[in-house]
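Working notes, beginning with the structure itself.
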Amino acid sequence: MQEPIRADYFGTKAFATIQGVSRSVTTVGTFMGPIIAGFLYDRTKSYTIAFTIFAVVSLASACCMFLAKPPAKALQESP
């Protein structure tokens, strides 16, 4: 559902740029997540801190998505 939402919000002209930036952020998180979790486990012998951090980041991300307002162009096109 991410791609149609991006297209609805930003149109198709900027879609590739927005998709590229978004995927870059996602790739960094996907790459660093296991490394951070492993490091924290080695330090604390528990995944609790790592999973708490990941949960907080996910919750903050979800809140940002729900609070995002459509761009002015999308508001003008809506019925």
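Summary table
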{"read-out": "Relative contact order (%) - criterion: Cα under 8 Å, at least six apart; region: the chain", "value": "32 percent"}
{"read-out": "Rounded to 10°, Cα long-axis angle of helix 15-44 versus longest principal axis of the chain", "value": "10 degrees"}
{"read-out": "Dipole magnitude of the chain, debye to nearest 20 (Cβ charges: Lys/Arg +1, Asp/Glu -1, about Cα centre)", "value": "120 debye"}
{"read-out": "Stretchable slack from R23 to A7, in nm (0.36 nm times residue separation minus alpha-carbon distance)", "value": "4.3 nm"}
{"read-out": "The range 2-72 shape via C-alpha gyration tensor axes, a/c threshold 1.5", "value": "oblate"}
{"read-out": "Neighbour-limited loop hits for chymotrypsin sites (Phe, Trp or Tyr not before Pro), the range 3-53 (at most 13 other Cβ within 10 Å; DSSP other than H, G, I, E, B)", "value": "Y47"}
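A short reminder: the numbers here are calculations on the coordinates, not readings from a lab. Computed from a predicted model, the values in this text were never measured in an experiment. Neighbour counts are summed over all protein chains in view; Cβ atoms, including those assigned to glycine, are modelled from backbone coordinates with ideal geometry.
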